[in-house]
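Here the structure is laid out as structure tokens; the discussion comes afterwards.
The values are calculated or read from the model by the stated rules, or taken from the named source; none is laboratory data. Source: prediction; values computed, not measured. Here Cβ is always computed from backbone atoms with ideal geometry, including for glycine, and neighbour counts include all displayed protein chains.
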Amino acid sequence: MAEEQNIDEFKEVCALLVNTDVNAEMHRERIYNRLEFQIETGVIQQNNEKMEGIYMKRSFNKSIAVAVLTGVCLVGGFSTTALGQGIIQSVVGYFQVGNMTITQYDKELPKIESSAKGDKNAVRGNTEQITTIKEARTNMKIDFVVPTWLPEGYKYMKSVMHGDNAVELVYSKDENLVSLLLSKGENGISTTGVVKTETIAGKSVYFANGIVLWEQDGLTYELYQMSEKNSDLETLGKIIGTMSTEADLNNELYPKN
Amino acid sequence: MEIAQMNASVYRKDNEVVSGKEMSSVKFDQIFDNYYKRVYKYICYQINNQNMAEDLCSQVFEKVIAKYKTYSPEKSSFEVWLFAIARNIVTDYHRSNKKKFHLSLDAILEIISPNPSLEEEVITEEGNKELFLALRKLSPKERNIISMKFAAGLKNSEIAGLLGISGANVGVVLHRSLKKLHKSLEMGGYEHG
């Protein structure tokens with residue numbers, strides 16, 4: 001109650017926060033049309049069957065949308081519409097990283113208007129938090145390699161299973177986070193930005209959408225960072241070069257294992 | 001805190017929206033109508049980039065549609081579940097940017113673009129500039145809690161559940177954040193009332 005009274009001191013600020021108009025209406029129709037299009041083409045449903053809750057879901061949608069619409073155009077005796085041409089032409093490159101395809105576009109997919117109504121069934125995608133690397137390996141049914149070195153101070157926090165085919169290993173240091181997502185099975189991401197490639201620790205490493213991706217032992221590894229300082233190539237080389245199945249090599253990094 | 005409570009009570013009328021496991025087109029429309037503004041505003045308060053906010057908002061509803069079958073009313077209210085998704089999408093966005101949120105915002109603050117985008121101009125014209133400049137000075141946690149409270153219209157207890165902290169802690173952070181906003185707004189020349 002005391003806290004409520006304290007907040008009352010700032011009722012004008014509160015009123016400003018509540019009443020500020022962020023022009024939501026200006027974007028409403030575009031967002032709604034995009035969602036409606038994805039539902040009607042089954043993009044969201046198909047995406048989740050394949051991705052099972054992995055990050056970058058939305059980007060994967062685009063790949064499927066392109067495939068669906070390309071198929072429609074070909075079946076129709078190349079009677080490709082201007083819209084279809086626009087979508088096809090927007091793909092400027094594909095990069096294969098293990099089981100993952102990075103699709104590079106030169107622009108966002110155009111908006112499509114449709115009056116058709118379809119079923120909007122959802123598909124299940126589960127996440128489950130687990131504690132140790134050992135459990136994660138058991139769930140994935142693979143003795144996958146993990147970093148045995150990270151910059152000083154980082155500690156393994158937890159793992160999150162994304163369906164049966166992906167696991168996210170989370171490391172933290174104060175407010176800094178490093179996430180390593182391992183996945184098997186086909187999936188993909190897309191970007192309108194530059195896709196960079198480097199050879200690091202003998203592996204082809206890709207940089208797209210601020211994510212570092214590489215393949216190892218048939219799995220795709222995606223490194224996400226939320227920290228004050230990005231890892232440089234030397235640091236990445238050390239992380240990737242010291243990947244091992246022996247997580248207990250470093251007790252400081254894996255205190256829970 | 002009358003204003004926020006009133007706001008939340010208006011929002012909290014839509015539990016009946018979630019009455020089945022299959023998301024029909026009608027249900028999707030209802031959910032979108034009921035939550036769109038709150039989700040969009042929540043994201044805007046966190047990232048202050050309307051083009052990106054549109055993209056992230058779309059991602060939130062995509063995930064809501066895709067995960068709808070997994071929603072369990074026994075575990076949480078629908079809006080808490082939905083805003084957990086929104087929070088995760090915003091967190092992923094920051095992760096993919098590989099930058100600490102408040103640092104990048106501070107950097108932007110230092111070099112306010114002489115040629116703001118059309119979207120930013122809209123914000124400025126609407127008189128919201130001071131508020132967004134003040135929001136940029138908050139830490140990610142403070143900004144998230146402010147957004148959950150005043151844009152998403154969640155109760156302190158719901159915010160606490162989402163963030164895994166105590167309700168008292170939420171209250172403390174809210175108070176501290178409002179104090180900072182008040183100070184920033186005054187320094188920025190904002191005239192109350």
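So the values come out like this:
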item: Residues located in region B:19-47, provided they are surrounded by fewer than 18 Cβ atoms within 10 Å (Cβ to Cβ), touching a residue at least 12 places away in the same chain (Cβ under 8 Å) and not in a helix (DSSP H, G or I); result: B:Lys21, B:Glu22
item: Members of region B:36-54 that are within 8 Å of chain A (Cβ to nearest Cβ) and farther than 15 Å from B:Leu82 by Cβ; result: B:Cys44, B:Tyr45, B:Gln50, B:Ala53, B:Glu54
item: Pairs where the first residue, in region A:223-235, is assigned by TED's automatic domain parsing to the domain that holds A:Leu180 and the second is loosely packed, with under 14 Cβ neighbours inside 10 Å and modelled with pLDDT under 65, C-beta under 9 Å, 6+ apart; result: A:Glu228/B:Leu103
item: Meets criteria (surrounded by 15 or more Cβ atoms within 10 Å (Cβ to Cβ), charged (D, E, K, R), closer than 23 Å to A:Gln216 by Cα and at pLDDT 75 or above) for A:Lys196; result: no
item: Criterion violated by B:Gln50 - all others in (1) in contact with a His (Cβ under 9 Å, 6 or more places away or on another chain); (2) free of Cβ contacts under 8 Å to residues at least 12 places away in the same chain satisfied; result: (2)
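Each row is one residue, and each column tells you yes or no for (1) at pLDDT 90 or above; (2) facing chain A (nearest Cβ under 7 Å).
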position	(1), (2)
B:Leu131	no, yes
B:Glu142	yes, no
B:Ile146	yes, yes
B:Ala152	yes, no
B:His175	yes, yes
B:Met187	no, no
B:Tyr190	no, no
